[in-house]
1. Please report the Cα spread of the stretch 10-84 along all three principal axes, rounded to whole Å, starting with the longest.
2. With a point put 7 Å past each Cα toward its Cβ, work out how far Q162 is from F19 in nm, to one decimal.
Amino acid sequence: MKYLKGWTSYNESKNPQEFEYMMLGRLQTDCDYFLGNGQRSENVLWAETVEQHIAEMKKIWNSLENKPEWLTMEQIEDYESQMLGTDTDTDSEGTDTTPVDEDEYEYEDKYYVVWEEDGQEHELFDNLGDAKDFYEQIKSEKFHYEKPKLYIMSKSSGEVIQGEKWSN
């Protein structure tokens, strides 16, 4: 076979298992994406299901003469339990008792400042402090006799935090 200069086949490379290492890296990347931005969709995996995907990872890992330093069998098993949702501790009644790291999860709401000026307007803020500052800015820009229609609302619950909601 003829190859372009600089290209070699997998059979001609210095490491006969180069393809397996590359494939294992690809499968690991799929796992990370599945657990993150892939939103646990099996469509992002190389295999059709989580079970098949992990089985292929284990098969490749076990076939390697020199095990990779960047991925252990324990890590593959951790991926498996995370992806299958079996990485929880339960008590005798089946209640999840896995410790939750409060710092790992941020339950931040977003806040709308809603006002009426030539039709209804709104602005979205990541934190309540910024929303309140903007609320006060709009309120101070209006003349006292205009009595601006203005309120702050939680995006997640729809609860009015400050001001009064009006109906059109």
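1. 38, 22, 18
2. Modelled inter-label distance: 6.4 nm.
Readers should treat all values here as calculations from the given coordinates under stated rules, not as data from a laboratory. Nothing here was measured: the structure is a model prediction, and the numbers come from that model. For neighbour counting, all protein chains shown are included, and Cβ atoms are generated from backbone atoms with ideal geometry for every residue, glycine included.
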